[in-house]
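Participant: Can you read through this structure? Questions will come right after.
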Amino acid sequence: CLGYLCNNHFALGDYESAKQFNQRNIVLSRDLADQNGLANSLDTGGLIEFMHGHFDLAEKQCSQALALYQEIGARRDEAYALTHLGLVAIQQDDLNRAATYLKNAVDYRTESGEFAARIDSLAAIANVHALRGEHEKSITIVDTIIAYLYDHGMDGIELPFLALVTCAEILLDAYWTEPSCGERGRDLLKKGHAELERRATAIDDHEERQRF
């Protein structure tokens with residue numbers, strides 16, 4: 001129940017409430033010696049800290065989660081922690097470490113056929129290439145992501161709007177060398193805004209809808 005409440009508030013962008021529920025879930029998981037539940041809560045806690053801009057704390061919690069996932073053999077969840085650590089490493093300007101984390105996550109998602117979950121990692125890898133000045137590689141990955149989004153939508157992607165904005169920013173930054181990228185980037189942002197409005201209409205509570 002605590003995890004469900006945490007995830008709901010996280011999805012609404014209410015990270016402070018999500019953090020409070022998640023901290024209680026960490027304590028409960030430790031009391032129950034629930035290693036998988038503890039790993040999930042630590043990973044979620046790291047993602048919440050990432051959203052708050054607390055990157056060192058995010059790294060600490062996601063690393064603890066990764067170690068637990070590896071200990072209990074939860075490879076699917078391990079890929080989430082690897083992706084989150086990759087996102088954090090980008091913000092810490094450690095692109096080599098980010099690339100390693102993200103490649104491992106993508107490799108697992110590809111092997112398991114979890115193509116929607118792979119999008120988060122691919123978008124982050126595209127960002128790594130862009131930050132390195134490897135624009136052709138970056139745009140190629142962005143094209144793959146856009147094709148997937150138009151064919152399959154955003155269902156199953158953990159952080160769809162972060163992935164979408166990342167791709168749009170890469171395209172917009174490439175405008176100076178390839179003018180058509182600017183229009184594609186703006187189209188992608190419009191698609192994201194339309195999806196955001198669609199999801200917002202499903203929220204009955206006015207205050208929660210405005211926060212979202």
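The values are calculated or read from the model by the stated rules, or taken from the named source; none is laboratory data. This structure is a prediction, so every number in the text was calculated from the model and none was measured. Because the Cβ atoms are built from the backbone with ideal geometry, glycine has one as well, and the counts that use them run over all protein chains shown. What goes into the accessible areas is simple: the full protein's heavy atoms, side chains included, and nothing from ligands, DNA or RNA. Shrake-Rupley method; radii C 1.70, N 1.55, O 1.52, S 1.80 Å.
Participant: Cβ-Cβ distance below 6 Å, separation of 6 or more or different chains: which pairs start in the range 116-144 with a residue that is free of Cβ contacts under 8 Å to residues at least 60 places away in the same chain and part of a helix (DSSP H, G or I) and end on one that is surrounded by 15 or more Cβ atoms within 10 Å (Cβ to Cβ) and among the polar types (S, T, N, Q)?
Facilitator: Cβ pairs passing all conditions: D120/T83; S121/T83; A123/T166; A126/S138; N127/T166; H129/S138; A130/S138.
Participant: If you don't mind, there's one more thing I want to ask. Within the range 156-189, which residues are outside any helix (DSSP H, G or I) and among the hydrophobic types (A, V, I, L, M, F, W, C)?
Facilitator: If the condition is that a residue be outside any helix (DSSP H, G or I) and among the hydrophobic types (A, V, I, L, M, F, W, C), then I157, L159 are the ones that fit.
Participant: Among what's in the range 69-104 and is of a type in the set (D, E, K, R) and surrounded by fewer than 22 Cβ atoms within 10 Å (Cβ to Cβ), pick the residue that is farthest from L131 (Cα to Cα).
Facilitator: Looking at the filtered set, the residue picked out is E71.
Participant: Which residue, of L188, L162, is hydrophobic (A, V, I, L, M, F, W, C), open to solvent by less than 20 Å² (accessible area, probe 1.4 Å) and at pLDDT 85 or above? Before the answer, list the steps.
Facilitator: Values: L162 fails: open to solvent by less than 20 Å² (accessible area, probe 1.4 Å).
None of the others qualify; the one that does is L188.
Participant: Pairs needed: first member in the range 156-178, within 12 Å of G192 (Cβ to Cβ); second member anywhere, part of a loop (DSSP other than H, G, I, E, B); C-beta distance under 6 Å; at least 6 residues apart or different chains.
Facilitator: P160/M154
Participant: Another question, if that's okay. Do you know which residues across the range 31-56 are assigned to a helix (DSSP H, G or I), closer than 20 Å to L2 by Cβ and open to solvent by 30 Å² or more (accessible area, probe 1.4 Å)?
Facilitator: Hits for the range 31-56 are D31, Q35, N36, N40, T44, M51, H52.
Participant: I would also like to ask the following. Any residue in the range 21-49 that is within 16 Å of Y69 (Cβ to Cβ) sitting within a Cβ distance under 6 Å of a residue that is acidic (D, E) and not in a helix (DSSP H, G or I)? List the pairs, counting only those 6 or more apart or interchain.
Facilitator: Taking only residues 6 or more apart or on different chains, not a single pair turns up.
Participant: Is it the case that N22 is modelled with pLDDT under 95, in a helix (DSSP H, G or I), of a type in the set (S, T, N, Q) and open to solvent by 60 Å² or more (accessible area, probe 1.4 Å)?
Facilitator: Against the criterion (modelled with pLDDT under 95, in a helix (DSSP H, G or I), of a type in the set (S, T, N, Q) and open to solvent by 60 Å² or more (accessible area, probe 1.4 Å)), N22 does not qualify.
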